Every structure is written in C-alpha cells, then in structure tokens.
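This report refers to the structure that appears directly beneath it.
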Amino acid sequence: MQKVLTGNQAVAWGVMCARAQVVSAYPITPQTTIIEEIAELVSSGRLNARFIKVESEHSAMAGCIGASQAGARAFTATSAQGLALMHELIHWAALARLPVVMADVNRAMAPGWTIWTDQNDTLSQRDTGWLQFYCETNQEVLDTILHSFKIAEIIKLPVMVVLDAFFLSHTAEAIDIPAMADCDAFLPPYQGDLIVDVDNPRAFGGMAGTDVYQEFRYLQQEGMDQALQVAVDVDREFRQRFGRSYGLIEKYRCEDAETVLVTSGTITSTARDTIDEWRDRGEAVGLLKMRTFRPFPIEMVREALRGVPKVGVIDRNICPGFGGIWAQEIKAALYDLDEKDRPAVYGFIAGLGGRDVTPITINEILSKTHHPEKTDRHLNWIELKA
C-alpha cells in the first residue's frame with residue numbers, strides 16, 4: 001500500500017507496522033504529530049496498543065521502561081528539551097538493557113528558543129548507550145522504525161530513530177507501507193527473557209557494588225559491538241523481504257574520488273545532487289552518507305575513506321569548545337590508518353537552528369575541501385551572518 005505521509009506520520013505508521021504494545025509520550029513541537037497520529041491509529045483500532053498520557057518527557061521514558069521491563073514492545077517520541085528532560089532515564093533504559101525504541105525529531109536546543117532543526121539534542125546523548133540512526137527520507141524513517149525494534153530486541157539495547165524537524169517531520173512524500181503479514185514475518189512478537197513476573201519474582205535495578213558494576217558496562221559495550229553485525233543482518237533481511245536497503249553507511253560515487261563529503265540526515269539529498277553536478281564537470285568528488293552514529297561503524301568508515309586525499313565533514317551541530325561532532329568521530333576513526341592512507345579532514349558547521357543548507361552552501365563546502373589552501377583543517381563556519 002502507498003500513502004502520502006509526512007515524516008512524523010511515517011514514524012507513527014512504522015510503529016503500527018511493528019505492532020508496538022505500549023506508547024508512552026508527551027507532546028513537544030515538532031514531534032507532536034507523531035503522537036497525534038499514533039493516538040488516531042489506536043483509537044481507530046488499527047494499532048492495538050496501550051496509549052499512556054503522561055505529564056512530562058521524564059515520565060514518558062519511565063512509562064516505556066516499566067512497559068519494556070514487563071515484556072511489552074514500547075515506543076516513545078520527543079525532541080530537544082524533551083529529550084534533555086529524559087536524560088536521567090535514558091541512561092537507565094540503556095544499562096537495564098531494555099529494547100525501547102524512540103523517535104527524536106531533531107530540534108535545536110534553547111536558548112535562543114527555537115523549533116527548527118539541528119542535531120545537538122540527540123548527539124548530546126551519545127554516551128548514554130543508545131543506538132542512533134539518522135534518516136534521509138520519510139521512507140527511510142518508516143523502514144528504520146521496523147529495523148530498530150528488531151535490532152533492539154536481538155541485542156537488548158534501546159534505539160533512537162532520528163529525523164530532521166520540518167525538512168522531514170512536516171514534509172510529505174509517497175511512502176510504501178508494507179503489508180502487516182510481511183511485517184509480522186519480519187518482526188515476530190517480542191519475547192523478553194528477564195521480565196517482571198509475579199510467578200517468578202526477581203529484583204531489578206538493585207545497587208551494584210564495585211565488584212560488578214564495571215562488568216555491566218563491559219557487557220553493554222559487547223552489545224554495542226554485536227549491534228554492528230546485527231544491524232547489517234537486519235538490513236539484508238529487510239532488503240530480501242521488502243526490496244529496500246540502507247546500510248550503516250552509504251558510499252556514493254566514491255570509487256575514484258579525490259574529495260569526499262561526509263553528510264547525515266536531509267543534507268545528504270542536497271549534497272548528492274551537487275556531487276552529480278561536479279561529476280558532470282569532470283571533478284573527482286564523492287559522498288559518504290552516515291546513517292549510523294552509535295555504534296560508530298569505524299571499520300566501514302576507514303574502508304570507505306582509506307586513501308582519499310581530502311574529506312569534508314558537514315556538521316549540523318556544534319560541540320562548543322571543540323567543533324563538529326561528526327568530524328570528531330570521523331577523525332578518530334581514521335587516526336590509526338597509515339599516514340599515506342589517512343585523509344586530510346576538514347570540518348564545516350552549517351544549518352544550525354534550521355538554516356537552509358542549499359546547493360550554494362554545498363558548493364562552497366565542496367570548493368573549500370577540494371581546493372583547501374585557505375581552509376582550516378579543524379573548524380569552518382559556513383554562511384555566518386554579519
């Protein structure tokens with residue numbers, strides 16, 4: 001079936017396709033229409049789920065934690081300050097190894113007060129132990145919701161599905177919605193192995209002494225390491241069943257590239273068109289789309305960029321006092337390459353607070369990377385207002 005859906009509606013229909021059993025959520029722009037659409041699907045009977053209306057995002061995550069601990073497939077959604085309010089319990093869900101799935105509609109953090117997009121809300125949660133997938137299109141949003149529940153339930157870690165505010169969340173496109181029978185075959189009912197059960201009582205969340213806490217963290221890291229291969233396997237199975245595949249990263253026209261741009265989210269679509277224009281002029285340029293932030297696909301990035309002379313990383317975020325966050329990760333991944341294979345990496349900050357990243361913007365970044373004589377290797381701000 002095909003429907004014209006916004007990105008937020010695509011999230012909701014993905015949740016329906018996954019047959020989530022508990023949705024615990026609190027509205028915040030630009031996420032609100034996800035929850036409104038899920039409420040409509042529940043009230044119409046298309047989604048058989050318990051919809052919990054709570055008083056804050058902190059409580060929304062608490063509801064998901066309780067539901068998941070009881071063995072239910074749990075989902076929530078948020079943005080920006082809402083995600084920040086969840087922070088304490090985001091740690092709790094991850095280290096409790098609960099397969100909660102959450103959609104975050106990227107919204108810049110306040111102040112100044114804004115509802116427009118950048119990635120600082122989710123990237124500031126990078127050390128919490130959640131997987132993070134960044135989407136380019138509404139179809140990818142719906143499909144990634146299905147991917148995420150399956151991955152989360154295999155490795156017992158929570159997942160964030162990330163989409164740009166307004167560029168995806170409130171923009172509509174034709175979406176292929178899989179048949180429920182196919183979704184059920186791809187994603188069978190969740191069977192938790194350690195759940196709250198009155199007939200088999202256990203203790204959960206007890207205090208951990210110095211003799212065991214480090215081992216909890218070790219096992220969490222082991223789960224993240226396992227997630228890389230699990231995500232590849234799930235993507236392969238999804239392609240076999242539904243004909244679509246995304247990978248953890250995507251290389252585009254990189255085969256002989258002297259310069260590669262690294263992008264994430266909707267900036268990728270604009271950059272792909274710009275790469276085509278440069279290629280038509282005979283310029284050896286390419287694109288690396290980063291879909292996966294956690295776990296970071298280090299070996300895949302090394303293989304994709306090994307031997308490329310120049311790499312420009314576009315960050316729709318800023319780590320104050322250092323620079324772009326994707327650029328940090330790319331540099332760290334490439335550090336151990338032999339010097340002859342290690343690219344020069346140039347970091348660019350663009351599109352903060354929802355500012356458009358247009359073909360003109362991409363051309364400027366590509367030019368500065370391709371001809372870097374006056375380009376800072378670490379941090380370059382693009383299109384600052386005087």
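Across the range 136-193, the qualifying residues are those that are under 29 Å from Gly223 (Cα atoms) and among the small types (Gly, Ala, Ser), and the one among them that is modelled with the lowest pLDDT is Gly192. Would you check which residues across the range 141-179 are in contact with a Lys or Arg (Cβ under 9 Å, 6 or more places away or on another chain), of a type in the set (Val, Ile, Thr) and in a loop (DSSP other than H, G, I, E, B) and list them? Across the range 141-179, the qualifying residue is only Ile177. If we keep just the residues of the range 157-195 that are acidic (Asp, Glu) and over 29 Å from Ala108 (Cβ atoms), which is nearest to the chain's Cα centre (by Cα)? Looking at residues that are acidic (Asp, Glu) and over 29 Å from Ala108 (Cβ atoms), I get Asp176.
Say whether the condition of being under 24 Å from the mean Cα position of the chain (by Cα), assigned by TED's automatic domain parsing to the domain that holds Asp276 and not in a helix (DSSP H, G or I) is met by at least one residue in the range 361-377.
Of the residues in the range 361-377, the ones under 24 Å from the mean Cα position of the chain (by Cα) are 361-362, 365.
Applying the additional criterion that residues be assigned by TED's automatic domain parsing to the domain that holds Asp276 yields 361-362, 365.
Then keep just the ones that are not in a helix (DSSP H, G or I); that gives none.
No, there is no match, as no residue in the range 361-377 is under 24 Å from the mean Cα position of the chain (by Cα), assigned by TED's automatic domain parsing to the domain that holds Asp276 and not in a helix (DSSP H, G or I).
Under 9 Å by Cβ, and 6 or more places apart or on different chains, what pairs join a residue from the range 240-264 that is without any contact (Cβ under 8 Å) to a residue 12 or more places away in the chain with one that is charged (D, E, K, R)? Matching pairs, first to second residue: Gly243/Asp176; Ser245/Asp235; Ser245/Arg236; Ser245/Arg239.
Filter the range 216-266 down to residues that are in a loop (DSSP other than H, G, I, E, B) and of a type in the set (S, T, N, Q) and give me whichever is nearest to Gly324 (Cα to Cα). Lay out the reasoning, then the answer.
So the first thing to find is which residues in the range 216-266 are in a loop (DSSP other than H, G, I, E, B), and the list is 243-248, 253-258, 264-266.
Next, only the ones that are of a type in the set (S, T, N, Q) stay: 245, 264, 266.
Working: Ser245: 28, Ser264: 12, Thr266: 17 Å.
Across the range 216-266, the extreme among qualifying residues is Ser264.
Remark: pairs (first residue in the range 25-52, in the same structural domain as Met102 (by TED's automatic domain parsing) and under 14 Å from Ala10 (Cβ atoms); second residue acidic (Asp, Glu) and buried (at least 18 other Cβ atoms within 10 Å of the Cβ); Cβ separation under 8 Å; 6+ apart in sequence or on different chains) = Gln31/Asp104. Tell me which residues, restricted to the range 267-289, are closer than 20 Å to Val161 by Cβ and in a strand (DSSP E or B). Listed by number, the list holds a single entry, Lys289. Hey, could you check the range 230-280 for residues that are closer than 23 Å to Val159 by Cβ and among the aromatic types (Phe, Trp, Tyr) and say which is surrounded by the fewest Cβ atoms within 10 Å (Cβ to Cβ)? Step by step, filter the range 230-280, then rank; the result is Phe242.
Table: residues versus (1) over 30 Å from Asp176 (Cβ atoms); (2) in a strand (DSSP E or B); (3) assigned by TED's automatic domain parsing to the domain that holds Trp326.
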{"residue": "Met109", "(1), (2), (3)": "yes, no, no"}
{"residue": "Gly112", "(1), (2), (3)": "yes, no, no"}
{"residue": "Asp118", "(1), (2), (3)": "no, no, no"}
{"residue": "Gln125", "(1), (2), (3)": "yes, no, no"}
{"residue": "Thr128", "(1), (2), (3)": "yes, no, no"}
{"residue": "Gln132", "(1), (2), (3)": "no, yes, no"}
{"residue": "Glu136", "(1), (2), (3)": "no, no, no"}
{"residue": "Gln139", "(1), (2), (3)": "no, no, no"}
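Of the residues making up the range 1-30, those that are closer than 22 Å to Thr114 by Cα and surrounded by fewer than 24 Cβ atoms within 10 Å (Cβ to Cβ) are Thr6, Pro27, Ile28, Thr29. Residue count for the range 57-84 satisfying the condition of being surrounded by fewer than 23 Cβ atoms within 10 Å (Cβ to Cβ), without any contact (Cβ under 8 Å) to a residue 60 or more places away in the chain and polar (S, T, N, Q): 2. For the range 183-215, give me each residue that is surrounded by fewer than 13 Cβ atoms within 10 Å (Cβ to Cβ) and assigned to a helix (DSSP H, G or I). Hits for the range 183-215 are Ala185, Tyr213, Gln214, Glu215.
The values are calculated or read from the model by the stated rules, or taken from the named source; none is laboratory data. These figures come from a predicted structure and were not determined experimentally. Cβ coordinates were reconstructed from backbone atoms using ideal geometry, including for glycine residues, and neighbour counts include every protein chain displayed.
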